[in-house]
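Have a look at the structure below, then the notes.
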Amino acid sequence: MCVIEPSPVVETRRLVLRSPGAQDIPRLATFANDPAIARMTLRMPHPYGIEDAEDFVLKVAVQDPARARTFLIEHEDHGPVGVIGLFEDADPAPEVGYWIARPFWGRGFATEALQGATAWASKAWKRRALMAGHFSDNPASGRVLEKAGFLYTGEVRKGFSRARGAEAETRRMVWLA
Ligand SMILES: CC(C)(COP(=O)(O)OP(=O)(O)OC[C@H]1O[C@@H](n2cnc3c(N)ncnc32)[C@H](O)[C@@H]1OP(=O)(O)O)[C@@H](O)C(=O)NCCC(=O)NCCS
């Protein structure tokens, strides 16, 4: 018997976190094609085209829900404004990553999405801890993590940023349920 697990939907005050679909591809490609976003992540390419957005949506559709969950961040009035994902890597707890489209920076959306994702991860995904890392030259993300209850572990790790084509120092953060 094949049991299809419904995709989780997380609602916060202004946002809904849901699975990305084919209809989101053009908007994702437009917003994600921003060096100021890609340079602050490990894996996002730059430039970021339609094929990258298609690839992203496909990968999310086939990800193992026990090991990874990726959500589109949709605002009640503005539509999709970003992405947040949680995935198992080499660390003992899943890693969280996110981005918000530049027109929507500074409105608390990343913090609100991250708070929704941590609450979901503890209650529905039954995780007791989450990890995150932000580049040392990205204090805005450090602030988002702090506001959502993450603490600095004291560890700084080198991470290779695809869009930079170079390594950068990553401050490791942890959240405990
Ligand atoms: C980092 C990012 C997610 C923030 O999204 P956002 O929706 O603007 O975040 P919020 O509005 O919830 O919070 C931003 C906080 O950072 C602060 N901030 C912004 N720029 C800052 C800077 N240069 N130095 C310190 N704090 C800064 C803001 O003042 C705000 O804190 P406050 O509420 O205490 O005033 C967004 O800029 C982004 O997507 N950047 C590119 C991708 C990225 O960095 N992803 C995270 C990788 S770890």
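The values are calculated or read from the model by the stated rules, or taken from the named source; none is laboratory data. Because the structure is a prediction, the values reported are computed rather than measured. In this analysis, Cβ positions are derived from the backbone assuming ideal geometry, glycine residues included, and neighbour counts consider all displayed protein chains. To get the accessible areas, we keep the full protein, side chains included, count just its heavy atoms, and leave off ligands, DNA and RNA. Shrake-Rupley method; radii C 1.70, N 1.55, O 1.52, S 1.80 Å.
Of note:
- Accessible area (Å², per residue) of the chain, counting only protein heavy atoms and a probe of 1.4 Å: 53 Å²
- Leading residue at positive end of dipole, segment 10-127 (Cβ point charges), from I25, V83, P47: V83
- Between the amide H of E95 and those of F87, E88, D89, M131, distances stay under 5 Å, these residues lying 5 or more places away or on another chain, with hydrogens modeled in the peptide plane.
- Note on A68 and W125: the model spin-label points, each 7 Å out from Cα along the C-beta direction, lie 1.2 nm apart.
- Here the chain exposes an accessible surface that is 55 percent carbon and sulfur, computed with a 1.4 Å probe and the other protein chains kept in place.
- In terms of its alpha-carbon gyration tensor, segment 1-70 comes out prolate; a/c meets the 1.5 threshold, and the first ratio a/b outweighs b/c.
- Sparsely packed GluC sites (Glu not before Pro) within segment 1-99, loop by DSSP, other Cβ within 10 Å at most 16: E76, E88
- Note on segment 134-177: Cα-only Rg and Dmax are 11.0, 35 Å.
- Rounded accessible area of D24 (nearest 10 Å², 1.4 Å probe): 10 Å²
- For the chain, a simple Cβ point-charge model (Lys and Arg +1, Asp and Glu -1, everything else neutral) yields a dipole of about 480 debye relative to the Cα centre.
- Positive end of the dipole of the chain (Cβ unit charges, origin at the Cα centre): among V62, N138, A148, the Cα lying farthest that way belongs to A148.
- The Rg/Rh ratio for the chain is 0.93, where Rg is the radius of gyration of the alpha carbons and Rh is the Kirkwood radius.
- Summing +1 for each Lys or Arg and -1 for each Asp or Glu among the other residues whose beta-carbon sits under 12 angstrom from that of E88 gives -1.
- Residue-count net charge about Q23 - beta-carbon cut-off 14 Å; Lys, Arg +1, Asp, Glu -1: -1
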